[in-house]
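S.K.: This is the structure I have questions about; it appears just below.
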Amino acid sequence: MSIVVGYLATPEGRTALEAATVEAQKRSTRLVVVTSHQGNDRELRGTPDEELALNEVCRGLDERGVPHEVRLVARSRDVADDLIAAAEENDGSLIVIGLRRRSPVGKLILGANAQRILLDAPCPVLAVKPELAARVAPVVERELAGTTSRE
C-alpha cells in the first residue's frame, strides 16, 4: 500500500505534501510523489529551481524516515490521469491533492483535474487547502510527538 500525492512547488503543493507525509508516517507506508517537469516522456528535465525544490523534498522525506518514490511526468500530460495511474500501480490507499483558493464564480465549479481525481480515483482522496496549514500544523506536531492533548 502507498499514499500518492500531487506535488508542485506551490503553497498548495507544499500543503498537500505535508498532509501526505503525516498520513504516510501514521500508516507506516510508502509515499509516491507525483510531480511534473518540462519535457516529454523520454527526456524529463526541470528548471534549476524545480530540481532544487525536488531535492529538498527528498531530503526532507529522508530526514523524517518516510520511504518514498518520486515520479516525474511530462507537464503536457494529464495530471489527473497521472495521479490515478500512480494510485492504481502502487496499490494506493489514499491520494492527496492541494486545492487553491477560488473566486466566488470559481467555487461553483471545482477545478477540472480535482474533480476528475475525486470522481475517478480508485481510493479515498484527501483535498487540502493552504489556509488550513497554519491551524493544522500544531495538531500534526503533537501527533508526531505522540501526544493528543489540546492546549
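We did not get these values from a lab; they are worked out from the coordinates using the rules stated. Nothing here was measured: the structure is a model prediction, and the numbers come from that model. So basically every Cβ, Gly included, is an ideal-geometry build from the backbone, and we count neighbours across all protein chains shown.
S.K.: From the phi of every residue in segment 117-125, what ³J(HN,Hα) in whole Hz does the Karplus formula 6.51 cos²θ - 1.76 cosθ + 1.60 yield, where θ is phi - 60° and glycine or proline is x?
M.R.: 5, 4, 7, 9, 5, x, 8, x, 10
S.K.: Can you work out the FRET efficiency for the pair Cys123 and Lys26, with r the C-beta to C-beta distance and R0 = 25 Å, to the nearest 0.05?
M.R.: Using R0 = 25 Å, I get an efficiency of 0.95.
S.K.: By average Cβ neighbour count within 10 Å, what is the ranking of 52-63, 88-99 from highest down?
M.R.: Ranking the peptides 52-63, 88-99 by packing returns 88-99, 52-63.
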